[in-house]
Amino acid sequence: MTRIIGLVGKPNCGKSTFFNASTMAGAEIANYPFTTIKANRGVGFVRVKCACKELGVECKPNHGSCHNGTRLVPIDLLDVAGLVKGAHEGKGLGNQFLDDLRQADALLHIIDSAGATDAEGKPCNPGEHNPVEDVAFLEEEIDLWFLSLLKKDWQKLTREIQQMKKDVAKGLAERFSGLGVTESMIIKAAKDSELNINEPANWDEAGLKQFATKMREISKPILLCANKCDIQEAEKNLKPLEETGNMTIPTSADSELALRRAAEKNLIKYYPGETDFTFEEGLSDEQKKGLTFIKGNVLKKFNGTGVQQALDKAAFEMLDLIAVFPVEDENKYTDKNGNPLPDVHLVPKGTTAKQLAYKIHTDIGDKFICGVNAKTKMKLGADHELKDGDVIKISCSK
């Protein structure tokens with residue numbers, strides 16, 4: 001199953017700039033609320049250690065690129081409409097926002113850490129708004145949305161589960177399958193809420209609310225991107241944002257977008273996620289001045305723009321993905337055309353050899369015989385759990 005990272009936040013916080021910097025797409029950017037009306041879907045990239053160095057081959061990626069052993073691997077991104085208070089009641093673009101949010105497996109909450117936009121996303125003087133309030137408001141809106149879905153026909157639902165003698169976790173997971181909620185998530189949310197999973201009809205209002213919050217935390221983990229960190233007023237807000245308990249990364253989406261555009265035009269040498277770049281020929285004095293500011297006030301000060309770091313953390317720490325390299329020749333590490341290490345698949349930790357086969361193609365999964373670890377040449381059974389960096393050949397029947 002493809003994992004999707006959602007970009008969320010109030011209007012005018014820099015979501016579309018972050019999206020454009022991550023995908024080099026052309027989402028509309030403007031200094032007013034609700035620039036994003038429909039969700040923008042695109043492909044960003046996360047960094048993995050390529051197997052090419054270890055195996056002594058020069059890889060030829062079908063997608064993304066490889067730079068000195070660091071491979072950029074595609075991952076789906078979703079930039080949803082800006083969220084305003086009352087979204088769970090349909091205010092603003094609330095219904096659309098929440099419907100789009102169903103698709104995301106992890107959330108990057110893009111926050112104007114400079115406090116230069118008010119609660120509704122309207123521009124104000126830097127420092128006038130407290131960005132910590134944005135954290136609480138977004139989490140509360142999603143919690144209330146989960147709660148409203150939970151309470152809808154709750155007594156009828158629990159009665160049906162009991163009458164049909166259904167497993168409670170399975171019954172609730174069916175109800176929330178459209179949100180990406182699994183049985184294991186239901187069980188964990190109930191346990192963390194100190195609720196008896198076998199007696200849902202006895203859960204009171206406070207219990208339901210706590211359960212909704214835990215479901216949100218487990219099924220839609222959030223990383224805070226303290227955007228606009230290059231603005232002076234943002235610095236004092238970084239620690240309070242970290243103290244909300246969420247993983248927090250200072251980001252400057254404007255800077256990342258500027259660097260990627262300059263690199264695309266061969267004005268600089270820059271690779272996503274790096275903390276420095278080198279100037280090439282052809283820059284105007286104004287361009288050089290702007291890029292020099294980014295180098296000193298963003299890259300050096302914050303150890304990067306934060307955009308790539310946020311994507312990497314979402315993929316590998318929040319979604320717990322690993323990278324595996326499927327090949328057809330386990331001796332030369334190539335596909336049928338002789339291309340070394342052409343593909344990388346991002347799969348959840350715990351994925352088996354047979355599950356990888358199905359991810360490559362349904363027919364390959366159906367005809368699966370065994371896997372082969374190309375590094376060790378050992379045969380792998382259907383239930384063998386893959387490890388990060390594995391290079392795998394799938395053998396199947398004709």
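Each reported figure results from applying straightforward, stated rules to the coordinates on display, with no laboratory input. Small disclaimer: the values here were computed from a predicted structure and weren't measured. As a convention, Cβ positions derive from the backbone with ideal geometry for all residues, glycine included, and neighbour counts pool all protein chains shown.
Data table
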item	result
Given charges at Cβ of Lys, Arg, Asp, Glu: the chain dipole, positive-most of GLY389, ILE222, GLY296	GLY389
Spacing of the two label points (7 Å from each Cα toward its C-beta) at LYS398 and GLU194, in nm	6.5
Candidates per trypsin sites (Lys or Arg not before Pro) in segment 125-221, loop by DSSP, up to 15 other Cβ within 10 Å	LYS152, LYS165, LYS166
Ratio Rg/Rh, restricted to the chain and using Cα atoms, in which Rh is the Kirkwood radius	1.01
Å³ per residue enclosed by the Cα convex hull of segment 144-218	76
Spin-label pair LYS151/LYS122, simplified geometry with 7 Å Cα→Cβ offset, distance in nm	3.0
Segment 326-396 - charge dipole about Cα centre, Lys and Arg +1 at Cβ, Asp and Glu -1, debye rounded to 20	160
Computed FRET value (nearest 0.05) for PHE293 with ASN68, which takes r as the C-beta separation and R₀ as 30 Å	0.65
Geometric extent, Cα atoms of segment 326-396 - Rg, Dmax (angstrom)	10.9, 30
Span-like helix ranges in the chain, DSSP H, alpha carbon extent 27 angstrom or more, Kyte mean at least -1.0	132-151
Compactness of segment 176-280 - radius of gyration and Dmax, Cα, Å	21.3, 68
Efficiency of FRET from Cβ geometry, LYS300 and ARG261, R₀ 25 Å, rounded to 0.05	0.80
Amide H contacts under 5 Å for ILE268, placed H, 5+ residues apart	ALA263, GLU280
Contour excess over end-to-end distance, with Cα ends at ASN202 and ASP276 and 0.36 nm allotted per residue	20.9 nm
Fraction of beta bridges assigned by DSSP in the chain that are antiparallel (%, nearest 5)	60
Extension reserve of the GLU183-CYS370 stretch, reckoned as 0.36 nm per residue once the Cα distance is removed	64.4 nm
Selection from TRP203, ALA234, ASN266 lying farthest towards where the dipole of segment 146-271 points positive, charges on Cβ	ASN266
GLU58-LYS239 FRET efficiency (beta carbon distance; Förster radius 56 Å; 0.05 resolution)	0.80
Approximate spin-label separation ASP167-PHE137, in nm, with each point projected 7 Å along Cα-to-Cβ	4.2
Share of Cα-Cα pairs in segment 131-178 lying beyond 15 Å, as whole percent	55
Solution diffusion estimate, µm²/s, Stokes-Einstein, segment 250-361, Kirkwood Rh from C-alpha pairs, 20 °C, viscosity 1.002 mPa s	128
Other-chain or far-sequence residues with amide H under 5 Å of GLY304's (modelled H)	LEU299
Lys, Arg +1 and Asp, Glu -1 on Cβ, resulting dipole of the chain about Cα centre, debye, nearest 20	1100
